1. For a quick check: sort 397, 411, 477 by the number of other beta carbons within 10 angstrom, fewest at the front.
2. Mind ordering 379-388, 314-323, 440-449, 414-423 by average Cβ neighbours within 10 Å, highest first?
3. Taking the C-alpha atoms of segment 419-545, how large are the radius of gyration and the largest Cα-Cα span, Dmax, in Å?
4. I need the P(r) histogram for segment 267-419: all alpha carbon pairs, bin width 10 Å from 0 out to the longest distance, whole percents.
5. Considering all alpha-carbon pairs of segment 223-318, what whole percent are spaced by more than 18 angstrom?
6. Below 8 Å between Cα atoms, with a sequence gap of 6+, how large is the relative contact order for segment 223-318 in percent?
7. Any idea how far apart residue 229 and residue 549 come out in nm if each label point goes 7 Å out from Cα toward Cβ?
8. Between residue 485 and residue 360, take the C-beta separation as r, use R0 = 35 Å, and let me know the FRET efficiency to the nearest 0.05.
């Protein structure tokens, strides 16, 4: 069109210089990023450099095409056309001036000064402007959508370069047929006509290929997990440690995000920093698993990292030591004062892990003896204690909360005719008891209204007779107990004991008259010598219903 055309050598040198500049930036950024940040950060730095390079190419292209317009066509300088695109936010408007505006201005000039030259597709320039505007907004919403839109914009830009180069460098008046040069000789480049638009495409393709090679040759870290070590067993509720051996087989240092999963649920994660060629075994502590059973332990990695599928193992969570105290026995459960009894108890570890339990014996709640017992899982053992209380009575013997009752007797045989209880003295009645048997007997008198309260207790030895006088008038029920080994503390027989009562209610009566008075004498005989009937019918009584002697 008679104006300044795109200078191919100048454009090639400019693009080559910008390429050298970007490579320098990449090398410096790579060194900083590899040594200090993760692979994602490294790729981010490289991506930023590539974006800067693309912007530089586009600005250079805009500067070149505006420089190719004839002088006097526009008051806008090439530097303004390219430079205003560097102003934030304003460049969203200016891109439509720099590219679609250029295409409209070029087409007007073409109609006036070179009607036979190729026309620029204004819709293609407008599409690139729209892509330029929407890429930042798409990046804020969806990075993948922004990447797709940016790739589409780059393709449109390549088409714009090809179309513009053909229009500026091949005006209609001098344009030879496709594939031919002046003089009728054809020059080919890799089998294709060496036209200038194709040279633009080759330059851009070479730059893209150069960027790919740079990315491939950049030294970066590459990680591999070579071994996962998991304990075969662990105790429920207790933390345990697994370890992973990680190797960096890449050519640069970096960091590695390692996670441990229990049954597919993330349990622990850590970051491993490794120099090139280094290997490290990383311990990871897993919080205690409360429920016994078998659990899968596996590794999971951060983004863009892989792990072999066979790095999965199983750990068996064992039930912790738990002790059960049972089968408490006293041998014997009744002893005489001065004797001792053996307290035996079974201790069982129902857990699956060995443990130690303190076993404590208490007497009426007071700690007396203590032992430590260690048991393997699912095993039991019997422990023995020996107890000799210093006083007669009933004692609560307990081992870790399991208890039995121990009775300690004070064996003292009362004298024949000993009155153990007498609450009805002051009368004239008389009780005579003859015991013809070979065991001692104690005879009790109670009132019909309160048969459980002993009013009189008379002890009669075997083959003896005893008397109790001064009994007040009234009606009485007569109980009697036979046996051996009298416990003077508990006021009862401890061996060969029977409990009985007479079916009748006997009365003691005093009658006064002028010559004096008469009173009741009650005779009771056990084990009659002659084969005659007993003095009265008797019936057995349960021990719990027999009146207590106090």
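1. Working: 397 23, 411 16, 477 19.
If I rank by nearby Cβ atoms, fewest first, I get 411, 477, 397.
2. Values: 379-388: 13.6, 314-323: 17.0, 440-449: 19.5, 414-423: 15.4.
Result, highest mean Cβ count within 10 Å first: 440-449, 314-323, 414-423, 379-388.
3. Both quantities, over Cα of segment 419-545: 14.9, 52 Å.
4. Distribution as computed: 9, 24, 17, 14, 12, 10, 7, 4, 2, 1, 0 percent.
5. Numbers: 1935 of 4560 pairs.
Value for segment 223-318 (Cα pairs over 18 Å): 42 percent.
6. 36
7. Using points 7 Å along Cα→Cβ, the separation is 7.9 nm.
8. Calculated value: 0.60.
Throughout, read-outs are computed from the coordinates displayed, never taken from laboratory work. None of these values were measured; they are calculated from a predicted model. With ideal geometry, Cβ positions are generated from the backbone for all residues, glycine too; neighbour counts draw on all protein chains shown.
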